[in-house]
Amino acid sequence: MGRIRKLSDDVANQIAAGEVVERPSSVVKELVENALDAEATRVVVDVEQGGTTLVRVTDDGVGMGRDDAMLCLERHATSKIVRFEDLTRIGTFGFRGEALPSIASVSRLTLRTRARDAHEGVEIEIRGGGAPDVRPAGGATGTTIEVRDLFFNVPARRKFLKATATESAHVGDVLLGMALARPDVTFVLSRDGRPVREYLRAASRAERARAVMSGEKLAECRAERGALGVEAMLAPPERARAGATGLSVLVNGRPVRDRMLARAVAQAYGSVLEGGRYPLGVVWIDVPPELVDVNVHPQKAEVRFADARGVFDAVTRELHGALATAFGLPPLGPHPQAPIHRPPVPTLRTLEGPAAAARAMVTAARDAERPELMPEGNLFALGAGAVNEEIPATEAPREANAAFARLRYVGQVRGTFLVCEGEDGLYVLDQHAAAERVTFDRLKKTHAIHGVAMQRLLVPEVVELSPSEVAILEENADEVSRLGVEVRSVGDAAVAVHGVPRLLARAEPARIVRDLVAEVSRAAGRPFRGAVDLVLATMACHGSVRAGDALSREEVEALLVSLDRVDFSGHCPHGRPLVMRMTFGELERRVGR
Ligand SMILES: Nc1ncnc2c1ncn2[C@@H]1O[C@H](COP(=O)(O)OP(=O)(O)OP(=O)(O)O)[C@@H](O)[C@H]1O
Ligand SMILES: [Mg+2]
């Protein structure tokens, strides 16, 4: 007799369950997906003890007749596809015909269902696989599936379940994903008999996202590139977290976990998010189904794109455009009813008028050796003899952007904060964060166009590094010089710094080089390109006005003008908000006026 035997259905199902059913929340996911595939408009989920003792999902979908109800518990029985090619245009969550038999093989499962025009329903009970009990049943149209005592017959798996609170949290996450997938469906979740969440049917994705993430200030973004659609509701950078747990990504309405996609979204924030930090929010990506393979993960949590690079790139770029506008300083609204008296602020447009003020500004900035305070564009030409920085002229600021320049500078507090009066309230800026943002933007623009302009050092400075760090600098020599840094190796454990970015002439050369190496090694393995923004952000941080530096009125006004010309002007490159606003209304309330 041979040694090879065919596994029984029950054993085969239990093995499949090992992949499909990881924990109670996987059961919730499979059952809710089935309900949605069955055209439910309302899905009610009850869990007890985190779902370990009970998961019950009730829907008002099409239901099943007696034969289908028997068949759905068998392996590879599905109503969703017929042939393999159907997968290339799949419009349902399910397609394998595996979920129910897998779940049934590791729990006590009861299925109650009634098809739309049947006058009677059916109830089927099955315990850890085995033969089902079938009996007629009443009840409303639709389906209820109860899964009790998950893994009761697989002690090894049961042991790995976590505390009730943890399992409950996973259930909550799954439901949240489904709610974001289908805004047009009402979802209700109860725990141990108490209703804990209710997402009422919503009119749009945006509306559902606001319901799910109530309390968050979300920017709405929507873009299309070719056949690809991107829709997003994203929170401001200061709400970002280490790790992508607060970011939901859905591809063709399917919640997925994809590091690369999450990173593509984070990159849309530019340098305001440090590596490893991800925004809070939701991103829906829609691509023609034939360009994405959904059959690559046992829990369908991952997908594979035909053109992954193209998708990531489009997501980053399209979202970036929208976010830059959304998270700058909010416009101050229409023109003031009572104009505030304030000295004219030199801008590109007023050059012919108060040229004297402009000149004073340039001189002040130059004298203070703080080129980052100088407004860009033509104004620079004015001081060109002295500070020959090559900054690409930017367009005149857009009206919606001219928000900082319209503030009236009142004074500096604690050598750190700049207090300003706006049309609608009081503004307090963090001077370091603001200067850092401006410097960073300049570095970035010059870097993108022709490389950061370099200031040669009269006396090269030797910096000791490890041999591998020296090697990193050598391997990336071109990119390093594009960053405005010139180094030559001295032996294998030191470099001589010959030049530093001109905008940062004040910063210590050794520090600039060390920062550079640190960022590049952190990016290890990834293309150098990915590290550039971080390098520039760190450089900007160390090369800008710091807390404690005294600033003259001209310097502050120049800084405000400059701020209007940068993207994301509301945040420093590391994502901290750089301005706080208190409306006059609020101020009056606080003092009881
Ligand atoms: N709530 C429900 N309402 C109506 N029919 C259902 C419901 N749940 C399951 N079914 C039917 O049972 C079949 C089997 O469900 P099952 O989840 O095992 O497989 P699937 O959804 O087809 O594929 P997958 O294994 O990928 O989830 C489905 O194809 C569907 O026809
Ligand atoms: Mg299914």
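Restricting attention to the range 13-24, does a residue exist that is aliphatic (A, V, I, L, M), within 20 Å of LEU180 (Cα to Cα), within 15 Å of ligand 2 (Cβ to nearest atom) and assigned to a helix (DSSP H, G or I)?
Checking the range 13-24: not a single residue is aliphatic (A, V, I, L, M), within 20 Å of LEU180 (Cα to Cα), within 15 Å of ligand 2 (Cβ to nearest atom) and assigned to a helix (DSSP H, G or I).
Counting only residues that are of a type in the set (A, V, I, L, M, F, W, C) and in a loop (DSSP other than H, G, I, E, B), which one in the range 201-238 is modelled with the lowest pLDDT?
Going through the qualifying residues, I end up with ALA227.
Against the conditions (1) near ligand 1 (Cβ under 9 Å from one of its atoms); (2) touching an Asp or Glu at 6+ places or on another chain (Cβ under 6 Å); (3) of a type outside the set (Ser, Thr, Tyr), where does ASP133 fall short? Just the number, please.
Every condition holds for ASP133 apart from (1).
Could you tell me how many of the residues in the range 46-103 are within 9 Å of ligand 1 (Cβ to nearest atom), surrounded by fewer than 21 Cβ atoms within 10 Å (Cβ to Cβ) and hydroxyl-bearing (Ser, Thr, Tyr)?
Residues meeting the conditions: 3.
Within the range 46-53, can one find any residue that is assigned by TED's automatic domain parsing to the domain that holds ALA104, within 14 Å of ligand 2 (Cβ to nearest atom) and touching a strand residue (DSSP E or B) at 6+ places or on another chain (Cβ under 6 Å)?
No; the residues of the range 46-53 include none that is assigned by TED's automatic domain parsing to the domain that holds ALA104, within 14 Å of ligand 2 (Cβ to nearest atom) and touching a strand residue (DSSP E or B) at 6+ places or on another chain (Cβ under 6 Å).
When you check ILE90 against the structure, is it within 16 Å of ligand 2 (Cβ to nearest atom), within 16 Å of GLU30 (Cα to Cα) and under 34 Å from the mean Cα position of the chain (by Cα), yes or no?
No: the conditions fail for ILE90.
Consider THR41 carefully, then state whether it is within 11 Å of ligand 2 (Cβ to nearest atom) and within 19 Å of THR143 (Cβ to Cβ).
The answer is no for THR41.
Restricting to the range 462-499, name every residue that is of a type in the set (Asp, Glu) and either buried (at least 16 other Cβ atoms within 10 Å of the Cβ) or not assigned by TED's automatic domain parsing to the domain that holds LEU534 (or both).
GLU469, GLU479, GLU486
Inside the range 152-196, can you point out the residues that are within 13 Å of GLU22 (Cα to Cα) and of a type outside the set (A, V, I, L, M)?
Scanning the range 152-196 gives ARG157, ARG158, LYS159, PHE160, LYS162, GLU167, HIS170.
Considering only the range 182-196, I want to know if a residue exists there that is touching a residue at least 40 places away in the same chain (Cβ under 8 Å), within 30 Å of ALA314 (Cα to Cα), assigned to a helix (DSSP H, G or I) and touching a Ser or Thr at 6+ places or on another chain (Cβ under 7 Å).
No: the range 182-196 contains no residue that is touching a residue at least 40 places away in the same chain (Cβ under 8 Å), within 30 Å of ALA314 (Cα to Cα), assigned to a helix (DSSP H, G or I) and touching a Ser or Thr at 6+ places or on another chain (Cβ under 7 Å).
For the range 9-32, which residues satisfy the criterion of being over 15 Å from ARG108 (Cα atoms) and small (Gly, Ala, Ser)?
The answer is ALA12, ALA16, GLY18, SER25, SER26.
Pairs please, first residue from the range 63-88 and in a helix (DSSP H, G or I), second anywhere and within 8 Å of ligand 1 (Cβ to nearest atom), Cβ atoms under 6 Å, 6+ apart in sequence or on different chains.
The qualifying pairs are ALA69/THR113; LEU71/ALA77.
Output the qualifying pairs, or none if there are none: Cβ atoms under 6 angstrom, residues six or more apart or on different chains, first residue in the range 136-163 and basic (Lys, Arg), second residue not in a loop (DSSP other than H, G, I, E, B).
Correct list of pairs: ARG148/LEU54; ARG148/ARG108.
Within the range 270-292, count every residue that is part of a strand (DSSP E or B) and either of a type in the set (A, V, I, L, M) or in contact with a Phe, Trp or Tyr (Cβ under 8 Å, 6 or more places away or on another chain) (or both).
Of the residues in that region, 4 qualify.
The conditions are (1) out of contact with any Leu (no Cβ under 8 Å at 6 or more places or on another chain); (2) under 16 Å from ARG565 (Cα atoms); (3) not polar (S, T, N, Q), and LEU457 fails exactly one of them. Which is it?
(2)
Mind listing whichever residues of the range 147-173 are part of a helix (DSSP H, G or I) and among the hydrophobic types (A, V, I, L, M, F, W, C)?
ALA156, ALA165, ALA169, VAL171
May I ask you to list the residues in the range 297-323 that are in a helix (DSSP H, G or I) and either surrounded by fewer than 17 Cβ atoms within 10 Å (Cβ to Cβ) or touching a helix residue (DSSP H, G or I) at 6+ places or on another chain (Cβ under 8 Å) (or both)?
ALA308, ARG309, GLY310, VAL311, PHE312, ASP313, VAL315, THR316, ARG317, LEU319, HIS320, GLY321 - these are the residues of the range 297-323 that are in a helix (DSSP H, G or I) and either surrounded by fewer than 17 Cβ atoms within 10 Å (Cβ to Cβ) or touching a helix residue (DSSP H, G or I) at 6+ places or on another chain (Cβ under 8 Å) (or both).
The values are calculated or read from the model by the stated rules, or taken from the named source; none is laboratory data. This structure is a prediction, so every number in the text was calculated from the model and none was measured. Neighbour counts are summed over all protein chains in view; Cβ atoms, including those assigned to glycine, are modelled from backbone coordinates with ideal geometry.
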